[in-house]
1. May I ask which residue of 181, 148, 84 lies farthest towards the positive end of the charge dipole of segment 67-188, with charges of +1 (Lys, Arg) and -1 (Asp, Glu) on Cβ and the Cα centre as origin?
2. Between residue 372 and residue 254, 0.36 nm times their residue separation minus their Cα-Cα distance comes to what?
3. May I ask you to derive the FRET efficiency for residue 153 and residue 408 from their Cβ-Cβ distance with R0 = 60 Å, giving the value to the nearest 0.05?
4. Segment 41-226: Rg/Rh from Cα coordinates, Kirkwood Rh?
5. Please give, to one decimal in nm, the separation of the simple spin-label points placed at residue 16 and residue 121, each 7 Å out from Cα toward the Cβ.
6. Are any of the pairs 159/207; 49/149; 12/238; 75/193; 75/161 more than 24 Å apart by Cα-Cα distance, and if so, which?
7. Determine the dipole magnitude for segment 89-207: charges of +1 sit on the beta-carbon of Lys and Arg, -1 on that of Asp and Glu, nothing else is charged, the reference point is the Cα centre, and the result goes in debye to the nearest 20.
8. Pull out the extension gain between residue 287 and residue 176, defined as 0.36 nm times the separation in residues minus the alpha carbon to alpha carbon distance; nm, one decimal.
Amino acid sequence: MAGAIIENMSTKKLCVVGGILLVFQVIAFLVGGLIAPSPTTAVPYMSVKCIDVRKNHHKTKWLIPWGPNHCEKIKDFDEAMSRQIEANDIVFAVHIPLPSKEMSPWFQFMLFIMQLDIAFKMDNDLKENAEITLDVSLAYRDDMFEEWKEIAHAIELRKLKCTFSSPKTLDSEGRHYDCDFLPFMEIGSVAHKYYLINIRLPVNERKGINVGIGEIKDIRLVGIHQNGGFTKVWFAMKTFLTPSILIIMVWYWRRITLMTRAPVLLEKVIFALGISMTFINIPVEWFSIGFDWTWMLLFGDIRQGIFYAMLLSFWIIFCGEHMMDQNERNRLSGYWKQVGPIAVGSFCLFIFDMCERGVQLKNPFYSIWTTEVGTELAMAFIIVAGICLCLYFLFLCFMVFQVFRNISGKQSSLPAMSKARRLHYEGLIFRFKFLMLITLACAAMTVIFFIVSQVTEGHWKWGDVTIQVNSAFFTGIYGMWNLYVFALMFLYAPSHKNYGDDQSNGDLAVSSGEELQLTTTITHVDGPTEVYKLARKEAQE
């Protein structure tokens, strides 16, 4: 009777914990949906055509489209031709932000894409696979009357991918091509109030530079930055979740160190997963408000990569340690076939990120997709990572199938046990299946919310209430994986209760021959975790 009471209490505790975690999960979604604004804002910019008639264009001079000391402007290239102004003397200037506004460190990053307005002209047609050469410079200042200070300067190539729907005849002259957006610039911090972009299109017919690119009418930029309100909500969540995971980690590892045995592999992996989650949570982004840390985007990618690699490794080891067969798996080397694809895929994505955002630390105008070699290299890394991911999920699905099949087989031995022991192990089986279903639910919710955030307009409006779907996705999924790690450490902390010594009489008595000690790598007296008592064990009578 005592075993049944203990098991019922344990199940009630599990339900209470599950209910509390569900409440926190709902709160995480509501924080993003109702409190935070949209994660990002897109701002269109139209460049202003300035005249630079100096003989030496290499001398530092910044052409400003508006405000004090603004440049001399022209309306279009027809005016330039009538005034005998050469193409090399025209600079496309863009001031960031728009008039009467300021940028803020709370915006975190700036991403710019470019769109060219190219008109069709019979004597200046756009060649197939044409490349445009851009001489671009970026500067900043924090006061409207300060001198501009250069951040970066580069000569960049961009491939033009344009289509023309009308027949190329005299009647079609002046109509615009439909051109794809071009990657232009990405910078990982917004530490200054004002930014200035100067773009030149140098022409050299002898070298074939900017020849056969059509008649460019205008250059448009779209700037994307993180909303300050969303940044504050995001920082607040990180600040709240960091001590929460740290506390459960300390409690979890203390429970392990109280045991006389050494930690087993699954316990180490769960603790490592908690460390990787804490690594993501630590709100180092607070420092980006006061420091010009352009590497924060790359650092964020590395942190997420470490967590996802640990999460995928945990799933493999979790299934392996619950396989309930005779194989010894309490070593990481026993999972090299399954963990190997994770390591290779993660390494490929790391190299790809370093080739893109790593180079952008020095040259924010760089893009790996702008050259054939860069594109082929990037695609190679992504394809290899994709193959590794497919192999991983094949291994994982096979192992999950084996675990559930083995558990079903072991359940046939339950009727031969005493009632208290049967209730206990039925509870353990329930916990394993419960955690597996929670894992699948978390993965499914991540995929579903990602798809919904991509196909919706970004917000839903119900009466007077507006729900920001994209913000709810970010805060909800981020909170969900924190709660998942929290639940893992809570449920898999070693138990100091001994269910092996039933001293009851009658039908609850457990004889020495009937005692079901499901063998695991842990054989010490003070016992394994409750789930480990089930994991990888063989019924012995």
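The values are calculated or read from the model by the stated rules, or taken from the named source; none is laboratory data. Because the structure is predicted, anything quoted here is derived from the model rather than measured. Reconstructed Cβ throughout: ideal geometry from the backbone, glycine too, with neighbour counts over all protein chains shown. Ligands, DNA and RNA are excluded from the accessible area calculation, which covers all protein heavy atoms including side chains. Shrake-Rupley method; radii C 1.70, N 1.55, O 1.52, S 1.80 Å.
1. The Cα lying farthest towards the positive end belongs to 181.
2. Working: separation 118, 0.36 × 118 = 42.48 nm, distance 5.40 nm.
Separation in residues times 0.36 nm, less the Cα-Cα distance, equals 37.1 nm.
3. Working: r = 67 Å, r/R0 = 1.11.
Rounded to the nearest 0.05, the efficiency is 0.35.
4. On the way: Rg = 17.0 Å, Rh = 17.5 Å.
Rounded to two decimals, Rg over Rh is 0.97.
5. 7.9 nm
6. Details: 159/207 17 Å; 49/149 21 Å; 12/238 30 Å; 75/193 28 Å; 75/161 26 Å.
From 159/207; 49/149; 12/238; 75/193; 75/161, over 24 Å: 12/238; 75/193; 75/161.
7. Working: 14 positive and 20 negative charges, 39 e Å.
Around 180 debye, computed over segment 89-207.
8. Values: separation 111, 0.36 × 111 = 39.96 nm, distance 4.58 nm.
Using 0.36 nm per residue and subtracting the Cα-Cα distance, I get 35.4 nm.
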